[in-house]
Amino acid sequence: MYTMSSDDFTMHTSDCDAVGGGMPVSSLPDEVTSLDDLDCECWGAFDSFDEIE
């Protein structure tokens, strides 16, 4: 479901075009506590974590 960019270790959705090279991960890092912690525009399609998980 999630992809971590190998360039800057940012988190993205699995279908994000901006991620470039990356590796799939099963969960978001513990330090992500809100959608505001996720920098990429790919998260803008979600209103809450409930929609993601």
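Length gained on full extension, GLU41 to ASP8: 10.3 nm, using 0.36 nm per residue less the C-alpha separation.
Spin-label pair ALA18-SER34: with each label point 7 Å from Cα along the Cα-Cβ axis, the two points sit 1.9 nm from one another.
Relative to the compact-globule estimate of 2.2 N^0.38 Å, the Cα radius of gyration of region 2-52 comes out at 1.03.
Packing order of peptides 2-9, 34-41, highest average first: 2-9, 34-41 (average count of other Cβ atoms within 10 Å over each peptide's residues). Taking amide H as placed 1.01 Å from N in the peptide plane, the amide H of VAL25 sits under 5 Å from that of TYR2, THR3, MET4, each at least 5 places away or on another chain. Overall, region 2-52 carries a charge dipole of about 220 debye about its Cα centre when +1 sits on the Cβ of Lys and Arg and -1 on the Cβ of Asp and Glu, all other atoms neutral. Backbone phi angles across region 34-51, fed through the Karplus curve with coefficients 6.51, -1.76 and 1.60 (θ = phi - 60°), yield HN-Hα couplings of 8, 5, 5, 6, 9, 7, 6, 5, 4, 7, x, 6, 10, 9, 7, 5, 4, 6 Hz in residue order; Gly and Pro are listed as x. Compute the signed sum of charges (Lys and Arg +1, Asp and Glu -1) over the other residues within less than 9 Å, Cβ to Cβ, of MET11. The answer is -2.
Each reported figure results from applying straightforward, stated rules to the coordinates on display, with no laboratory input. What you are looking at is a predicted structure, and each value in this text was computed from that prediction instead of being measured. Because the Cβ atoms are built from the backbone with ideal geometry, glycine has one as well, and the counts that use them run over all protein chains shown.
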